[in-house]
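Participant: Quick one: this structure, given as structure tokens, is what I'll be asking you about.
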Amino acid sequence: MVLQVNPIQKEPIVTWEALPADFILPDDPVENIQQPAIAAALTDALGSTGRIQPQMLIGSNFGLVATVNKKIVVKAPDWFYVPQVQSVGTNVVRRSYTPNLEGAAVAVVMEFLSDTEGGELSVRSTPPYGKLYYYEKILQVPTYVTYDPYEPSIELRCLQNGQYTLQQADANGRYWIPELELFLGIWQGERLCQTMNWLRWWDTEGNMLLWSSEQAQQERQRAEQERQRAEQERQRAEQERQRAEQERQRAEQERQRADILAAKLHELGIDPDA
């Protein structure tokens, strides 16, 4: 009899090394047109409300690099957030990001589920590593969000004791993202002529963070309301001027009638003041 013993899965050896200049980054196409639109909308709302600082790194379909067992591994999430990174200098294009070497660890990662790919929830622990495994065990990202725009539904996992734990939504169906101090939820509507289920941010007061286009629309509406108020004020002032002019004309007519009457009385030898 031959005793078969399953090999013990060794923990991966992870190091943080600079990406070689000649390393060819993967250029995988996005699965659908919604993915870049959703990512852009998330970033736009943060930027339009002043929540993006120069030291931050926010990107989409951008390579996050680690060296696992002496081999370079790159995953490009649909959206990610790093609170602080080192500057790459003027006129230098950042090709990828290696956590802990180029700055802080990646704080938030999001993947948007597609019709054809299930890798967003894969825990494959051998190359090519599953995305969930890579973010949980290799990069150890504190908050991992997967979003299915077709359901639509959100799953949020927080890293606790080295393992992801699913979190529950609040009463509004939103999820707290501690690294950004914002809530994340689903909103159905239109942006840039695209109507679909968007991911949106809400602050602690329950206010939805507006996109730059929405802020511009609000500014246009405020400007139009201000113009209308100014026009109404101008019309009120004009009406007041006209009333004052009419009152002056009535007073002038009354004075003229009094002068005519006084003249006639004088002609009759009557003193009107007597």
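The values are calculated or read from the model by the stated rules, or taken from the named source; none is laboratory data. Values in this document were obtained by computation on a predicted structure and should not be read as measured data. Note that each Cβ is placed from the backbone with ideal geometry, even for glycine, and that neighbours are counted across all protein chains shown.
Participant: For segment 104-135, which positions are surrounded by fewer than 19 Cβ atoms within 10 Å (Cβ to Cβ) and more than 13 Å from residue 68 (Cα to Cα)?
Facilitator: Selection gives 104, 105, 114, 115, 116, 117, 118, 119, 121, 122, 123, 124.
Participant: Can you tell me which residue within segment 60-75, out of those that are buried (at least 18 other Cβ atoms within 10 Å of the Cβ) and in contact with an Asp or Glu (Cβ under 7 Å, 6 or more places away or on another chain), is modelled with the lowest pLDDT?
Facilitator: Step by step, filter segment 60-75, then rank; the result is 60.
Participant: Can you say whether residue 267 is exposed (fewer than 10 other Cβ atoms within 10 Å of the Cβ), more than 30 Å from residue 192 (Cβ to Cβ) and out of contact with any Cys (no Cβ under 8 Å at 6 or more places or on another chain), as far as the supplied structure shows?
Facilitator: Yes.
Participant: From 174, 124, 191, grab the single residue that is closer than 23 Å to residue 51 by Cα and in contact with a helix residue (DSSP H, G or I) (Cβ under 7 Å, 6 or more places away or on another chain).
Facilitator: Result: 191 is the single residue among 174, 124, 191 that is closer than 23 Å to residue 51 by Cα and in contact with a helix residue (DSSP H, G or I) (Cβ under 7 Å, 6 or more places away or on another chain).
Participant: Just for strands (runs of 3 or more DSSP E) wholly inside segment 122-236: which have at least 2 residues that are modelled with pLDDT of 95 or more and hydroxyl-bearing (Ser, Thr, Tyr)?
Facilitator: Strands (runs of 3 or more DSSP E) meeting the threshold: 143-148, 163-166.
Participant: Can you work out which of the residues in segment 89-101 that are in a loop (DSSP other than H, G, I, E, B) and touching a residue at least 60 places away in the same chain (Cβ under 8 Å) is surrounded by the most Cβ atoms within 10 Å (Cβ to Cβ)? Spell out the reasoning first.
Facilitator: Taking segment 89-101 and keeping what is in a loop (DSSP other than H, G, I, E, B), we get 89-95, 98-101.
Next cut, touching a residue at least 60 places away in the same chain (Cβ under 8 Å) only: 95, 98-101.
Values: 95: 13, 98: 19, 99: 21, 100: 13, 101: 15.
The selected residue is 99.
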